[in-house]
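Student: Pasting a structure below so you can have a look.
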Amino acid sequence: MGAGIAQVAAAQGYEVSLYDPSQPQLDRALSGMRASLEKLVSKAKITAEIRDRALGSVRVVRTVGAAVEQATVVIEAVPERMEIKRSLFEEVDRLAPAGALLGSNTSSLSITEIASCVRDPARVVGLHFFNPVPVMELLEVVRGVRTSEETVDAAMELAKGLAKTAIVVRDFPGFATSRLGVAIGAEAMRMLEQGVASAEDIDRAMELGYRHPMGPLKLTDLVGLDVRLAILEHLHREIGEQFRPPAILRQLVRAGKLGKKTGEGFYRWDL
Ligand code: 3HC
């Protein structure tokens, strides 16, 4: 998602520094960004000038320090594990300017807990984007217990700058979106386990019967099975039994079938 966030920011005129410790991941981010911008130009959603400006405004950097030392906004999009998020925030806290807004693109983890490892938790806020980031309109702004009013206002301004529509939610596991999203996804997986219908027909049912743009199993493939498993495990711990991850999800993740990004999940995808 980091690539999508970087793309949107660059297309909207921000100067972006993009960091990832893995070079193949950075290569994938840049090629995904090029393909997405190309698609938007071919659909006349953006001009060729904006595409070129966006590509020229993303600077790939080799260290966290180089990414954040001059930043006004830092957006973290690392895997959904609290210890990884906190260790990155500790580093960013040391290296970013004191006035920078620190945002986490977490799907469900506690912003209050992430913020508790930085010196000024008032400047930490949830900035939850949606896949595919260049297309989806929503930005969920999550207010932690110690997030300041100024930080929430700055996050709302940022949403405007990124041409997203924002909602503000309280820091509660799963926020306003992931909680409902994974509930439908997990129920679809249990229905598949129980042989109610094929994956294709469960998805078709929600696409044609409820006008969801994409069925819940296909959507899980798009988001990443590992991502959805991490969210479910967290909500199972925090909220209760209704979020117990289905066995089929655990099995597919163990097998490395993580969805579109690995070429297979509930469906097969061309890489
Ligand atoms: N970059 C640029 N444009 C893209 C794109 C991308 N990565 N992906 C799709 N598009 C554009 C296409 O150009 C097309 O534009 P058009 O409407 O002008 O024709 C439009 O999006 C539709 O694309 P397609 O025709 O290829 O395919 P679909 O019509 O099936 O749409 C979809 C694809 C936009 C992904 C749609 O199926 C959809 O909205 N699916 C649901 C997505 C969703 O629910 N996301 C939230 C997931 S939860 C999440 O992300 C939270 C996180 O915490 C895990």
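The values are calculated or read from the model by the stated rules, or taken from the named source; none is laboratory data. Everything numeric here is computed off the predicted structure, so don't read it as measured data. Cβ atoms come from the backbone with ideal geometry, glycine included; neighbour counts cover every protein chain shown. The accessibility values were calculated without ligands, DNA or RNA, using every heavy atom of the protein model including side chains. Shrake-Rupley method; radii C 1.70, N 1.55, O 1.52, S 1.80 Å.
Student: Out of every Cα pair in the range 26-147, what percent are spaced more than 25 Å from each other?
Tutor: Every Cα pair in the range 26-147 considered, those over 25 Å come to 32 percent.
Student: Could I ask something else about it? Let me check I have the definition right: for the chain, take the eigenvalues of the Cα gyration tensor, multiply each by 5, take square roots. What are those semi-axes in whole Å, largest first? Before the final figure, lay out each step's value.
Tutor: Details: eigenvalues 181, 109, 59 Å².
For the chain, the semi-axes come out at 30, 23, 17 Å.
Student: I'm checking a number: the convex hull volume of the Cα atoms of the range 211-259, normalised per residue, in Å³. What is it?
Tutor: Details: hull volume 3.8 nm³, N = 49.
Here the figure is 78 Å³ per residue.
Student: Considering the convex hull of the alpha carbon atoms of the range 171-233, report its projected area averaged over all viewing directions, in nm², one decimal.
Tutor: 4.4 nm²
Student: Here is a follow-up. Considering only the other residues whose Cβ falls under 13 Å of the Cβ of THR147, what net charge follows from Lys and Arg at +1 and Asp and Glu at -1? Don't skip to the answer; put the middle values down first.
Tutor: Values: positive: ARG123, ARG143, ARG146, ARG170; negative: GLU113, ASP120, GLU149, GLU150, ASP153, ASP171.
It works out to a net charge of -2.
Student: Placing unit charges on C-beta atoms (Lys and Arg positive, Asp and Glu negative, everything else neutral), compute the dipole magnitude of the range 212-271 about its Cα centre in debye, rounded to 20.
Tutor: 120 debye
Student: Exactly which trypsin sites (Lys or Arg not before Pro) in the range 202-271 are in a DSSP loop and have at most 10 other Cβ atoms within 10 Å?
Tutor: ARG211
Student: Also, I was wondering about something else. Please name whichever of LEU40, VAL68, LEU55 sits farthest to the positive end of the charge dipole of the range 2-170, dipole taken about the Cα centre and charges placed at Cβ: Lys and Arg +1, Asp and Glu -1.
Tutor: LEU40
Student: Along the charge dipole of the range 2-170, which of VAL92, GLN12, VAL141 sits closest to the positive end, that is, farthest toward it, with unit charges on the beta carbon of Lys, Arg, Asp and Glu (+1, +1, -1, -1)?
Tutor: GLN12
Student: Restricting attention to the range 34-109, which trypsin sites (Lys or Arg not before Pro) occupy a DSSP loop and are surrounded by at most 10 other Cβ atoms within 10 Å?
Tutor: Values: sites: ARG34, LYS39, LYS43, LYS45, ARG51, ARG53, ARG59, ARG62, ARG81, LYS85, ARG86, ARG94; in loops: LYS43, LYS45, ARG62, ARG81.
Taking the range 34-109 and a limit of 10 other Cβ atoms within 10 Å, the loop trypsin sites (Lys or Arg not before Pro) found are LYS43.
Student: Something else now. Using a probe radius of 1.4 Å on heavy atoms only, what accessible surface per residue do you get for the range 177-254? Whole Å² is fine.
Tutor: Here the per-residue accessible area is 53 Å².
Student: Relative to the first principal axis of the alpha-carbon coordinates of the chain, what is the inclination of helix 199-209, with its axis defined by its Cα atoms, in degrees from 0 to 90 and to the nearest 10?
Tutor: 70 degrees
Student: How charged is the neighbourhood of GLY259? Take every other residue with its Cβ under 11 Å from the Cβ of GLY259, and add Lys/Arg as +1 and Asp/Glu as -1. Write out the running numbers ahead of the final one.
Tutor: On the way: positive: LYS218, ARG228, LYS257, LYS260, LYS261, ARG268; negative: ASP221, ASP226, GLU264.
Here the charged neighbours net out to +3.
Student: On to the next question. GluC sites (Glu not before Pro) within the range 12-55: which are DSSP loop residues with at most 15 other Cβ atoms inside 10 Å?
Tutor: Hits after loop and neighbour filter: GLU15.
Student: Could you put TYR267, TYR19, TYR210 in order of accessible surface area, largest first, with the 1.4 Å probe and the full protein assembly present? Please list the in-between numbers first.
Tutor: Details: TYR267 35, TYR19 80, TYR210 155 Å².
Largest to smallest exposure gives the sequence TYR210, TYR19, TYR267.
Student: Where does the charge balance sit around TYR19 when Lys and Arg score +1, Asp and Glu -1, over other residues with C-beta under 13 Å from its C-beta? Write out the running numbers ahead of the final one.
Tutor: Details: positive: ARG59, ARG62; negative: ASP20, GLU69, GLU76, GLU91.
Result for the neighbourhood of TYR19: -2.
Student: Hey, another quick one. When the helices in the chain are scored as -39500 (n - 2.57) per DSSP H run of 4 or longer and the sum is shared across all residues, what 222 nm value do you end up with, to the nearest 500 deg cm²/dmol?
Tutor: When only DSSP H runs of four or more count, the value is -15000 deg cm²/dmol.
Student: When the dipole is taken about the Cα centre of the range 92-210, and only Lys, Arg (+1) and Asp, Glu (-1) are charged at their Cβ, what size is it in debye, to the nearest 20? Working shown, then result.
Tutor: Details: 11 positive and 16 negative charges, 79 e Å.
Dipole about the Cα centre, nearest 20: 380 debye.
Student: Leaving ligands, DNA and RNA out of it, report the carbon-plus-sulfur percent of the accessible area of the chain at a 1.4 Å probe.
Tutor: Numbers: 7400 of 13970 Å².
Carbon plus sulfur share of accessible area: 53 percent.
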